[in-house]
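To start, the structure itself, in structure tokens.
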Amino acid sequence: MAATVVDRAGRTKVVVRDDGTGPHTVEASQRKAYTAAIFRVPTAAFAERVKQPAAAALINLEHVIALQGGVPIKAEDEVIGAVGVGGAPGGDKDEVRKWLCTAPIGLSQTMIMTNWLREITAE
């Protein structure tokens, strides 16, 4: 499994990956984080949005992906970045992702992500 944190412009700030994780999971996590950051919505909502004909072409933008696993990081009501997870065991981890994105801004995102990856991979 891999997780990526990006800033509000979609630029990568942190990437954490588990040992033995395939390279595709890192790319997926990066694309999910990027999509959540630039569209300012969870990627699950974006995936629903691009099912509409008027928005379908958005999926053709570079670095965009329409898969669940990316969520915006907010400070109050402002999106300040996003996190994307690739290779997660399934949707049952959504609550952990939500917690990760509501953690206090002063707390190190790297520490949060590292502990979260340990927690999930230990299951």
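Laboratory data are not the source of any read-out in this text; all were calculated from the coordinates shown. Because the structure is predicted, anything quoted here is derived from the model rather than measured. Cβ sites come from the backbone with ideal geometry, for glycine too, and all protein chains shown count toward neighbours.
Which condition breaks for Lys74 when tested against (1) farther than 18 Å from Ala2 by Cβ; (2) of a type outside the set (Phe, Trp, Tyr); (3) under 9 Å from the mean Cα position of the chain (by Cα)?
(3)
Return yes or no: is Thr21 part of a loop (DSSP other than H, G, I, E, B) and among the hydroxyl-bearing types (Ser, Thr, Tyr)?
In short, yes.
For Thr35, indicate whether it is buried (at least 18 other Cβ atoms within 10 Å of the Cβ) and of a type outside the set (A, V, I, L, M, F, W, C).
Against the criterion (buried (at least 18 other Cβ atoms within 10 Å of the Cβ) and of a type outside the set (A, V, I, L, M, F, W, C)), Thr35 qualifies.
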